[in-house]
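The values are calculated or read from the model by the stated rules, or taken from the named source; none is laboratory data. This structure is a prediction, so every number in the text was calculated from the model and none was measured. As a convention, Cβ positions derive from the backbone with ideal geometry for all residues, glycine included, and neighbour counts pool all protein chains shown. For the accessible areas, the whole protein counts, side chains as well, though only heavy atoms, and no ligand, DNA or RNA atoms are used. Shrake-Rupley method; radii C 1.70, N 1.55, O 1.52, S 1.80 Å.
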Amino acid sequence: MIYKQFKDKKLSSLGLGCMRFPTDESGAVDMQKTEEIIDLCMREGVNYYDTAYIYGGSEAAIGKIAGEQIIKLMTLGLTEAEAEAQIINGFLK
């Protein structure tokens, strides 16, 4: 995995978009399948996970599965616009 320095953290250049985690028959996040996805990403060195409250339970699922091991941009003290600018200007070049 390639990492980029971001403030005092090293973030993976590859991230996982969490908007479309697998769901079960009730429409809730399928925790078993989601855990398999996150486990694979973590084993491969991914530590950046794009999630939001409106993604239908992805934040809660990640919290249960990976907890503190995952770096969140908002915890780095950035506004959404600052985080987006850092990603576009720093990570994709």
Checklist line | Amide H within-cut-off set for ASP50, under 5 Å, with H built and near neighbours excluded | finding: LEU16, GLY17, CYS18
Check: Between MET42 and GLN5, what length in nm is gained on full extension when 0.36 nm per residue of separation is reduced by their alpha carbon distance?
Finding: 11.5 nm
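With a probe of 1.4 Å, find how much accessible area the range 1-62 has per residue, and write the answer as a whole number in Å².
66
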Margin query: At 7 Å along Cα-to-Cβ for each site, give me the label-to-label distance between ALA52 and LEU14 in nm.
Written below: 2.5
Next item on the list: Find the percent of Cα-Cα distances in the range 1-70 that exceed 14 Å, and round it to a whole number.
Entry: 58
Margin query: Run the numbers for LYS33 and ALA60: contour at 0.36 nm per residue of separation, minus the present Cα-Cα distance, in nm.
Written below: 8.3 nm
